[in-house]
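Remarks on the structure that follows.
Read the figures in this text as sums done on the coordinates, not as results from a lab. As the structure is a computational prediction, the values presented were derived from the model and not from experiment. In this analysis, Cβ positions are derived from the backbone assuming ideal geometry, glycine residues included, and neighbour counts consider all displayed protein chains.
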Amino acid sequence: MRDRQVARDARRAGEFQAFVAGAAGRLLHAATLLTAEAPDANPRARRLLTRALAHTYARWDRLHGEDPYDCARQYLAGRFARTVWYRYGVPGRARPDPGSPLAALPPRDRLILVLRLYEGVAEEQAAALLGLPADRVHTVCDRAAATLLHPARPAAPHPAGTVVRGGRAR
């Protein structure tokens with residue numbers, strides 16, 4: 001009896017190690033995109049990944065044919081959303097790396113953009129995961145992509161001595 005338990009635990013550990021070897025890099029990249037940290041300095045993303053992998057390992061025997069990557073990704077997204085909300089009060093107060101291209105986006109927009117474009121999650125699936133209507137996920141994703149593709153330009157300063165009235169310099 002003891003030998004079977006040891007063999008089962010060894011098989012479980014080997015399967016999980018193979019999963020981590022194949023999926024950890026992509027999950028870490030997704031977590032780094034979510035936290036908008038620099039790829040070489042990403043402690044929040046690494047903590048997020050560690051928690052997602054620990055959660056997946058705890059559920060490993062109960063997955064029964066489910067995709068372990070999907071389980072880890074769902075936990076990663078949900079944990080990010082909860083952490084942002086509880087740590088900073090409202091979405092948007094997180095302090096991402098200013099050099100990150102996703103730093104201009106609020107955390108919820110980053111989450112939706114990463115799920116939809118990087119992870120390839122369907123709108124309906126992302127909406128169910130986040131508790132939002134599918135059309136809201138579509139709108140946020142479009143707006144976030146437009147913000148990244150067409151960043152706002154800083155306003156040009158007016159020459160000294162000009163008065164701006166009605167939108168025109170005189």
- With R₀ set to 22 angstrom, the calculated FRET efficiency between the beta-carbons of Leu117 and Asp67, to the nearest 0.05, is 0.70
- Order by protection proxy (mean Cβ within 10 Å, highest first), peptides 125-132, 8-15, 37-44: 125-132, 37-44, 8-15
- Query: Amide H neighbours of Val121 under 5 Å, counting only residues 5+ apart in sequence or on other chains, H built in-plane at 1.01 Å?
  - Reply: Arg116
